[in-house]
Amino acid sequence: MATQVSTTVDGHRHSLFLRTAVTLQTLTIFLQAVSAGLLLTSAYGETLHGVGARVMYGATMLYVLAAVLAWKPGGGSLRPVWHASGFLALVSAQVLLGIAHVPSLHVPLGVLMFGLSVLALVPRQTPTHTPDHRGDHGALT
């Protein structure tokens with residue numbers, strides 16, 4: 001019995017860590033959009049955007065770590081690991097496009113990444129069976 005309670009607490013802890021990592025990632029992507037605007041209007045925007053890119057990459061690696069911890073020891077789903085790994089690939093492409101100065105792909109990919117990160121924050125609803133309240137289990141009389 002004590003093992004079940006411990007597993008539930010650890011699973012909740014890993015789930016909270018995963019949610020925190022996704023929130024941090026989403027926030028850093030949003031701040032990258034802000035620093036991209038500063039990049040166009042101020043002298044320090046380029047420095048801020050470069051530092052932000054490193055922080056965002058670190059936040060995405062933290063997301064991968066949190067997903068693995070929620071999956072393996074916590075006994076959770078493998079789906080967040082796939083999502084986090086795919087996101088790490090997108091962030092890697094984003095960094096390469098930024099270094100290569102390809103804004104025609106860099107900007108839309110950033111918008112896509114922000115949208116996907118926000119979607120990762122939305123709690124998933126699992127469909128449940130709703131009882132039939134018509135009486136006689138829906139039979140017509």
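The values are calculated or read from the model by the stated rules, or taken from the named source; none is laboratory data. Nothing here was measured: the structure is a model prediction, and the numbers come from that model. Heads up, the Cβs are rebuilt from the backbone with ideal geometry, glycines too, and the neighbour counts pull from every protein chain shown. Note: areas computed on protein heavy atoms with side chains; ligands, DNA, RNA excluded. Shrake-Rupley method; radii C 1.70, N 1.55, O 1.52, S 1.80 Å.
Reported value for segment 26-76: 47 Å³ per residue, from the convex hull of its C-alpha atoms.
Computed over protein heavy atoms with a 1.4 Å probe, the accessible surface of segment 3-114 works out to 61 Å² per residue.
Rolling a 1.4 angstrom probe over segment 30-77 with all protein chains present gives an accessible area of which 73% lies on carbon and sulfur atoms.
Put a dot 7 Å past the Cα of Lys72, heading toward its Cβ, do the same for Arg19, and the two dots end up 2.4 nm apart.
For a quick protection proxy, order the peptides 76-89, 42-55 by their average other-Cβ count within 10 Å, most packed first.
The densest-packed peptide leads the list: 76-89, 42-55.
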